[in-house]
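Written below as structure tokens is the structure these notes are about.
Since every read-out is calculated from the coordinates, none of them should be taken as a lab result. Since we're looking at a predicted model, the values are computed, not measured. Reconstructed Cβ throughout: ideal geometry from the backbone, glycine too, with neighbour counts over all protein chains shown.
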Amino acid sequence: MGSPFIELPSVDSTNNYALRQVHEGLAGHGSAFFAYEQTAGKGQMGKRWLSEKGANITLSVVIQPKSLQILQQFQVSACIATAVRRFLAGYVSEDVKIKWPNDLYWFDRKLGGILIENNIGSSPPVWQWAIVGIGLNINQTSFSPDLANPVSLKQITGKSFDTRKLAEELCVVMNNYFTELVQKGVDKIYKEYSGCLYKLNESVKLKKGSSVFSTTIKGVTKNGELVTHNSVVETHFSFGEIAWII
């Protein structure tokens with residue numbers, strides 16, 4: 001991953017740009033698109049990803065999952081999240097966690113997020129492409145009041161970073177983890193992902209519909225369901241079914 005590594009002064013969304021390049025036959029597996037500015041960055045569940053121009057990592061990488069099955073989508077998500085967490089842990093020595101399914105947190109503050117958009121053919125169903133979008137707060141120190149709990153590497157460490165260089169380093173780490181997934185399976189990655197879960201074995205508040213409830217995070221299944229437990233019941237939640245109250 002990261003070859004070729006394309007720098008873009010400004011785009012609407014690196015995911016949108018990468019997908020257009022794929023459809024035009026101009027990008028293949030491993031192509032990485034790094035933008036200094038996004039005018040319409042995309043987050044999970046249709047949210048916008050807000051990022052200061054030139055201050056952060058806004059990156060999309062194309063994956064062609066030839067040897068993987070459609071049912072392995074969460075394995076790729078866990079693989080990428082674990083790789084990004086490992087990369088960040090090289091700069092932040094304490095408490096970088098993965099908030100299910102694939103946000104990156106430092107204590108109770110958000111360092112970054114991942115948005116994976118899949119292209120699946122219909123006749124027959126074939127997993128053709130995955131566009132992996134990554135947004136990481138690097139040098140930004142002032143954030144929109146609409147963001148509840150952001151934090152950046154600069155705020156944590158007091159240092160400024162070369163965002164392009166960091167993005168290239170991140171691609172190397174992701175490539176190593178993806179190679180592990182393809183060649184050896186998900187077990188090692190799943191163990192690492194599970195051990196780095198945000199609020200593991202801690203009580204949290206979650207929201208489902210209009211109902212807010214307390215429960216304890218117990219883990220994530222290999223098909224990507226969040227496992228929680230209260231005093232009497234173990235419950236599994238699918239992505240999009242609940243929201244965190246932090």
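What is the P(r) of the stretch 5-195, as percent of Cα-Cα pairs per 5 Å bin from 0?
For the stretch 5-195, the pair-distance distribution reads 1, 8, 17, 21, 22, 16, 9, 4, 1, 0, 0.
Per DSSP H run of n ≥ 4, the term is -39500 (n - 2.57); total these for the chain, divide by its residue number, and report the mean residue ellipticity at 222 nm rounded to 500 deg cm²/dmol.
Details: 5 runs with 63 residues, N = 246.
Dividing the helical sum by the residues of the chain leaves -8000 deg cm²/dmol.
Please work out the FRET efficiency for the pair His29 and His229, using the Cβ-Cβ distance as r and a Förster radius of 45 Å; give the result to the nearest 0.05. Please report the intermediate quantities before stating the final value.
Working: r = 40 Å, r/R0 = 0.88.
With R0 = 45 Å, the Cβ-Cβ based efficiency is 0.70.
In Å and from the alpha-carbon atoms only, list the Rg and Dmax of the stretch 124-246.
Rg and Dmax of the stretch 124-246, Cα atoms, are 18.1, 52 Å.
Longer than 32 Å from Cα to Cα, which of Lys99/Lys154; Lys53/Lys208; Lys159/Lys208; Lys53/Lys191 are they? Say none if no pair is. Don't skip to the end; give the middle numbers.
Numbers: Lys99/Lys154 21 Å; Lys53/Lys208 35 Å; Lys159/Lys208 39 Å; Lys53/Lys191 36 Å.
Over 32 Å apart, Cα to Cα: Lys53/Lys208; Lys159/Lys208; Lys53/Lys191.
List the residues whose amide H sits under 5 Å from the amide H of Ile57, counting only those 5 or more places along or on another chain, with H placed 1.01 Å from N in the peptide plane.
The list, which skips near neighbours in sequence, is Leu136, Ile138.
Hey, which lysines would be in cross-link range of Lys184, C-alpha to C-alpha under 23 Å, not counting anything within fewer than 8 residues on its own chain?
The reachable lysines, counting only those whose Cα sits under 23 Å from Lys184, are Lys66, Lys222.
What full-extension length gain, to one decimal in nm, is calculated for Val182 and Ser211 as 0.36 nm per residue of separation minus the Cα-Cα distance? Provide the component values of the computation, followed by the final result.
Numbers: separation 29, 0.36 × 29 = 10.44 nm, distance 4.00 nm.
The Val182-Ser211 span can extend by a further 6.4 nm.
Points 7 angstrom from Cα along the Cβ direction at Ile245 and Ser10: gap in nanometres?
4.1
Size of the stretch 158-200 along its principal axes in angstrom, Cα-based, largest extent first?
Answer, in whole Å and largest first: 35, 30, 7 Å.
Quick one: compute a quarter of the convex hull surface over the Cα atoms of the stretch 91-139 and quote it in nm².
Quarter of the Cα hull surface area: 4.4 nm².
By count of other Cβ within 10 Å, fewest leading, how are Thr228, Thr39 ordered?
Thr39, Thr228
Based on the alpha-carbon gyration tensor of the stretch 203-245, what equivalent-ellipsoid semi-axes (square roots of 5 times the eigenvalues) come out, in whole Å, largest first?
Values: eigenvalues 47, 36, 13 Å².
Those come to 15, 13, 8 Å.
Do any trypsin sites (Lys or Arg not before Pro) in the stretch 47-106 lie in a loop, going by DSSP, with at most 16 other beta-carbon atoms within 10 Å of their beta carbon, and if so which?
Filter output for the stretch 47-106: Lys47, Lys53, Lys66.
Restricting to Cα pairs below 8 Å that are 6+ residues apart, what does the relative contact order work out to for the chain? Please round to a whole percent.
Computed over the chain, the figure is 18 percent.
Would you mind putting 182-195, 124-137 in packing order, based on average other-beta-carbon counts within 10 Å, highest first?
Values: 182-195: 15.1, 124-137: 20.6.
So the peptides 182-195, 124-137, ranked by packing, come out 124-137, 182-195.
Taking H placed 1.01 Å from N in the peptide plane, check which residues at least 5 places from Ile6 or on another chain put their amide H under 5 Å from its amide H.
For Ile6, whose amide H was placed from the backbone, the distant partners under 5 Å are Ala32, Phe33, Phe34.
One-quarter of the Cα convex hull surface for the stretch 117-190, in nm²?
Averaging across all directions leaves 8.0 nm² for the Cα convex hull.
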